[in-house]
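Asks: Sharing a structure here in structure tokens format.
Each value in this text was obtained by applying a stated rule to the coordinates, not by laboratory testing. What you are looking at is a predicted structure, and each value in this text was computed from that prediction instead of being measured. So basically every Cβ, Gly included, is an ideal-geometry build from the backbone, and we count neighbours across all protein chains shown.
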There are 2 protein chains.
Amino acid sequence: MKMAPIAVTPPVEQEPTDKLTVNGIEQGLNQTTPSLLDLQPISNGLSDIITKGAINGTKISNGTATPLAELDASLLTTTYTTSPRSVPAQGSPEASSSSVCTDHMIQAKWTASHGWHAPSLQPYGPLSLMPTASCLHYATECFEGMKLYRGFDGKLRLFRPELNCNRMLLSTNRIALPAFAPQELLKLVVKLCATDGAKWLPRDRAGSFLYIRPTMIASDAALGVQRPKEALLFIILTVFPKMDDIPTGMRLLASKDDMVRAWPGGFGYAKVGANYGPSLVAQGEARGMGYNQILWLFGEDCTVTEAGASNFFVVWRTEEGKVQLVTAPLGDRIILDGVTRRSVLELARSRLTAGNEGLEAIEIVERKFTMLEVEEAVKQGRIMEAFAAGTAFFVAPVSHIHFRGKGLDIPMSEGVSGKYTKTIKEWLRGIMWGNEQHEWGYVVEDEGK
Amino acid sequence: MKMAPIAVTPPVEQEPTDKLTVNGIEQGLNQTTPSLLDLQPISNGLSDIITKGAINGTKISNGTATPLAELDASLLTTTYTTSPRSVPAQGSPEASSSSVCTDHMIQAKWTASHGWHAPSLQPYGPLSLMPTASCLHYATECFEGMKLYRGFDGKLRLFRPELNCNRMLLSTNRIALPAFAPQELLKLVVKLCATDGAKWLPRDRAGSFLYIRPTMIASDAALGVQRPKEALLFIILTVFPKMDDIPTGMRLLASKDDMVRAWPGGFGYAKVGANYGPSLVAQGEARGMGYNQILWLFGEDCTVTEAGASNFFVVWRTEEGKVQLVTAPLGDRIILDGVTRRSVLELARSRLTAGNEGLEAIEIVERKFTMLEVEEAVKQGRIMEAFAAGTAFFVAPVSHIHFRGKGLDIPMSEGVSGKYTKTIKEWLRGIMWGNEQHEWGYVVEDEGK
């Protein structure tokens with residue numbers, strides 16, 4: 001079966017005037033890519049890509065440049081499984097193992113000589129990689145994390161998925177993997193969700209979700225340390241545990257000098273594998289000591305960056321008496337530009353700066369802040385709340401931070417969170433699960449397959 | 001077929017008095033591991049491993065601790081190929097593709113519940129990994145680079161292989177992969193080399209080599225960001241191009257502020273995948289501009305760290321008139337403790353500090369040095385030589401460095417290198433290919449299979 005033809009990008013040649021269509025809206029690549037990204041300036045090549053209008057570059061043959069094939073969702077081929085997998089019961093050990101995937105996956109291959117090959121929807125199953133595959137040696141890999149929500153109104157929804165697809169392009173670019181039009185990735189994500197959503201997120205599981213993992217790996221079977229000449233994009237849907245409801249709140253262990261997650265000029269802002277593996281030793285030690293995650297600090301002044309693999313927020317009262325929601329800025333590119341982070345900030349800016357639902361008005365601040373400031377706020381009773389925010393953890397209240405031998409307790413005025421945290425989380429939940437109709441909710445039509 | 005039994009480590013329990021045997025020499029784990037490693041203090045757990053004498057830790061069942069199974073080369077099973085692969089002609093495109101592997105590979109699986117399973121020697125072929133495999137998402141992977149040399153005396157040799165096996169343990173430890181006795185890895189490397197050496201490095205190819213790639217990847221099929229519960233060690237032998245003979249010398253492009261390879265508290269000292277992928281964009285740009293590699297600088301003072309994925313050396317005359325061989329120190333753990341680096345330093349210390357073969361006496365210096373110092377030495381005519389040193393690049397003379405818009409030429413007094421570089425390289429070549437009998441040459445007996 002082929003997907004119904006939808007408007008797609010023809011290979012971009014000299015003048016990048018071709019139109020892309022996402023969600024029915026026709027968009028010029030030149031104009032939309034930067035605004036969709038809405039991220040920090042990109043240092044390596046993406047500006048070139050945008051300027052030239054070429055996503056995949058060109059190949060030279062017979063003295064003339066031929067554009068490489070673009071990623072094109074309209075070329076999708078589909079092969080449905082003949083061995084359907086069973087959906088684990090909610091709350092079962094299987095359901096929380098983050099190892100059970102749905103019946104199908106999407107794959108698309110890229111080669112330096114051809115560009116993107118036709119993507120395929122196919123039964124979920126193992127990948128075959130040569131032992132020399134680049135991604136097994138050189139961490140030439142990146143991914144995204146998104147969720148598919150079964151709404152209380154019965155609809156399937158994604159949450160601001162275009163931001164994830166744009167960030168995936170930013171990540172592939174940082175790790176020397178091929179570019180693509182983010183809108184095409186989005187179409188493939190939607191197709192997989194539409195195919196497996198009805199069975200794996202049945203209507204009687206309103207309020208639940210599947211985790212979506214678009215991944216790109218370099219599959220070159222060659223040990224030379226060089227830009228990959230072959231890559232594989234794949235998308236899977238995984239049954240994933242709910243991670244935001246730790247009844248006692250998250251307990252964080254502040255990182256020590258000898259473990260630094262990211263550095264200016266590094267890649268902390270990109271969702272590349274290289275940010276994760278190196279954090280696991282510290283994370284394992286923290287868990288062994290009874291903490292849930294590491295609170296990653298940076299530099300001699302102990303600047304606060306991320307909590308685990310999530311962004312980190314505090315709510316405190318300043319010495320002057322104002323209530324502030326504070327999180328680290330994106331400027332030095334050592335933290336991830338999280339979709340949940342951005343959404344928290346945007347909601348707070350639009351709904352809390354003048355007070356709301358009995359809450360005092362709040363100032364929204366993106367700036368460098370240090371553990372010494374947090375410690376001072378705790379000592380002076382000015383700390384009000386803290387939480388981690390990310391797709392996997394959603395909005396997870398923090399109740400305790402261990403910093404340099406001292407335990408700092410963070411209040412949870414509502415029992416399982418603070419007031420602002422609770423309010424923001426409720427708003428996000430409403431949008432994700434369709435209690436509030438909002439432009440951030442992206443409805444996916446069930447194909448009921 | 002089983003390997004002939006050799007003395008191996010029984011599972012280490014309370015008192016780590018068990019003996020390990022490598023190359024016929026019985027060694028106490030407690031004493032030998034630190035001295036074999038001979039590396040910087042290890043921050044995460046390896047000291048614990050050594051102290052406790054437990055390589056794999058223990059599992060608790062029925063209230064008693066059972067040691068997990070150790071990696072044990074004596075348990076090796078072998079299945080020889082029935083479809084022998086053909087050896088590419090020397091100088092053919094295939095031979096320089098770094099994608100052709102020999103007939104066999106070694107694999108060993110580890111699970112958190114059992115420890116190490118019996119290793120197997122088996123036909124070379126693809127790995128099957130679930131799309132959720134940890135190594136495809138979180139860069140939970142590390143490797144080693146070694147060479148198998150066919151000597152001018154007809155013998156097969158490794159070069160100081162115990163150092164690579166020790167460093168592999170250091171790398172697995174940094175990236176949350178399981179520990180093992182390095183001596184067991186060495187036995188497996190030797191076995192694979194003995195099996196495929198005769199055919200793939202025939203006696204009429206004296207002076208050539210195969211590249212050995214021990215690799216460990218986390219193979220857990222689960223998306224949770226956590227310490228791997230399943231891993232795969234594999235060892236492959238690859239036909240690899242000679243990379244040290246660029247007739248004009250290597251041309252290096254000094255990195256800019258917006259691209260940092262490694263940082264204090266990071267993992268630059270470990271051979272983990274996460275050090276490589278993130279360097280490829282800068283490397284690709286450098287190649288596009290006509291440079292061979294990036295010269296990685298660090299910090300505002302432009303400290304010199306590594307060249308490409310190799311260590312970097314300069315020979316200069318100080319303002320006081322002394323000749324010095326200078327390379328970056330290991331202390332801040334941002335550069336790799338290279339086996340070639342170490343060997344260059346040791347040979348130079350033992351053979352050049354009082355002059356030799358018509359060469360002026362030289363001082364050997366491991367210290368932080370900056371590009372500003374290099375630039376000053378070039379301007380004042382004090383720079384004498386520069387070279388990159390590593391297993392893949394061997395000793396590769398450098399003729400040019402582009403730094404902040406200026407090109408700095410480095411002399412190559414002997415045409416294709418400087419005098420000291422040439423002498424050190426000849427000594428190393430002699431040891432590797434058996435022209436000099438030396439304790440660093442580790443002879444592997446051909447099995448002629």
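Asks: Which three lengths, in whole Å and largest first, does chain B cover when its Cα atoms are put on their principal axes?
Replies: Principal extents (largest minus smallest coordinate, Cα): 72, 48, 43 Å.
Asks: In a shell of Cβ-Cβ distance under 11 Å around A:Arg333, excluding A:Arg333 itself, what net charge do Lys and Arg (+1) and Asp and Glu (-1) give? Each step should come with its number before you reach the end.
Replies: Details: positive: A:Arg174; negative: A:Asp332, A:Asp337, B:Asp258.
With Lys, Arg at +1 and Asp, Glu at -1, the net is -2.
Asks: Which percentage, to the nearest 5, of the DSSP beta bridges contained in region B:318-399 is antiparallel?
Replies: Looking only at bridges with both residues in region B:318-399, the antiparallel portion is about 50 percent.
Asks: Provide the FRET efficiency to the nearest 0.05 for the A:Thr77-A:Ser99 pair, computing r from the beta carbons and using R0 = 35 Å.
Replies: 0.80
Asks: Net charge within 9 Å of A:Ser208 by Cβ-Cβ distance, Lys/Arg positive one each and Asp/Glu negative one each, not counting A:Ser208 itself?
Replies: +3
Asks: Let me ask another. Between copies, how close do the A:Thr318 label points come, placed 7 Å along Cα→Cβ, listed in nm from shortest?
Replies: Spelled out, the distances from A:Thr318's label point are 5.4 nm.
Asks: Right, next: Tell me the angle of helix A:161-174 to the major Cα principal axis of chain A, expressed in degrees between 0 and 90 and rounded to the nearest ten.
Replies: It is inclined by approximately 80 degrees.
Asks: What is the calculated FRET efficiency for B:Glu300 to B:Glu320, with r their C-beta to C-beta distance and R₀ = 25 Å, to the nearest 0.05?
Replies: 0.40
Asks: May I ask for the distance between the Cα centers of region A:221-245 and region B:360-409, given as a whole number of Å?
Replies: Going from one Cα centre to the other spans 39 Å.
Asks: Express in nm, to one decimal, how much length is gained between B:Asp204 and B:Glu414 on full extension, taking 0.36 nm for each residue of separation and deducting their alpha carbon distance.
Replies: Extra length available between B:Asp204 and B:Glu414 comes to 72.7 nm.
Asks: Starting from the Cα of A:Lys256, draw a straight line to each of the aspartates and glutamates and keep only those under 14 Å, dropping any in the same chain fewer than 8 residues away.
Replies: Once the sequence-local aspartates and glutamates are set aside, what remains near A:Lys256 is A:Glu285, A:Glu300, A:Asp301, A:Glu306.
Asks: Something else about it: With a sphere of radius 9 Å drawn around the Cβ of B:Val323, what net charge do the other residues whose Cβ falls strictly inside it have (Lys, Arg +1; Asp, Glu -1)?
Replies: Charge balance in the 9 Å sphere: 0.
Asks: Considering every residue in B:218-225, what mean count of other chain Cβ atoms within 10 Å of its Cβ is obtained? Intermediate values should be presented prior to the final figure.
Replies: Numbers: counts 2, 0, 2, 6, 5, 14, 9, 11.
Rounded to a whole number, the mean comes out at 6.
Asks: Using a Debye calculation, one point per C-alpha and no hydration shell, please list log10 I(q)/I(0) for region A:328-385 at q = 0.14, 0.22, 0.24 Å⁻¹ in order.
Replies: Per q value, in the given order, log10 I(q)/I(0) is -0.52, -1.06, -1.10.
Asks: In region B:250-417, what % of DSSP beta bridges are antiparallel (nearest 5)?
Replies: Roughly 70 percent of the beta bridges in region B:250-417 run antiparallel, per DSSP.
Asks: Roughly how many Å is it from the Cα centre of region A:127-203 to that of region B:83-119, as a whole number?
Replies: 32
Asks: Which whole-number percentage describes the relative contact order of chain A, with Cα contacts under 8 Å and a sequence gap of 6 or more?
Replies: Dividing the mean separation by the residue count of chain A yields 16 percent.
Asks: Using all alpha carbons of region B:143-285, what is the percent of pairwise distances in each 10 Å bin, ordered from the shortest bin to the longest?
Replies: The calculated distribution, bin by bin, is 10, 30, 32, 22, 5, 0.
Asks: With the dipole of region A:201-343 worked out from charges on the C-beta (+1 for Lys and Arg, -1 for Asp and Glu) around the Cα centre, which of A:Gly266, A:Val281, A:Leu336 lies farthest toward the positive end?
Replies: Highest projection toward the positive end goes to A:Leu336.
Asks: Now for a separate question. As I understand it, the value is the acute angle between the Cα axis of helix B:419-432 and the longest principal axis of the Cα atoms of chain B; what does it come to in degrees, rounded to 10?
Replies: 20
Asks: Quick one: what do you get for the protein assembly as shown if you divide its Cα Rg by 2.2 N^0.38 Å?
Replies: The protein assembly as shown yields a ratio of 0.97.
Asks: At what distance in nm do the modelled label points of B:His438 and B:Thr370 sit from each other, each positioned 7 Å from its Cα along Cα→Cβ?
Replies: 3.5
Asks: Taking chain A as the reference, fit the longest principal axis to its C-alpha atoms, fit the long axis of helix A:182-200 to the helix C-alpha atoms, and give the angle between the two in degrees, 0 to 90, nearest 10.
Replies: Here the helix axis deviates by roughly 80 degrees.
Asks: I would also like to ask the following. What ranking do B:196-206, B:161-171 get when scored by the average of other Cβ atoms within 10 Å per residue, highest first?
Replies: The most tightly packed comes first, giving B:161-171, B:196-206.
Asks: Could you go through region B:388-399 in sequence order and give the Karplus-derived ³J(HN,Hα) for each residue, using 6.51 cos²θ - 1.76 cosθ + 1.60 with θ = phi - 60°, rounded to whole Hz, and x for Gly and Pro?
Replies: Values, residue by residue: 9, 9, x, 5, 5, 8, 6, 10, 10, x, 10, 10 Hz.
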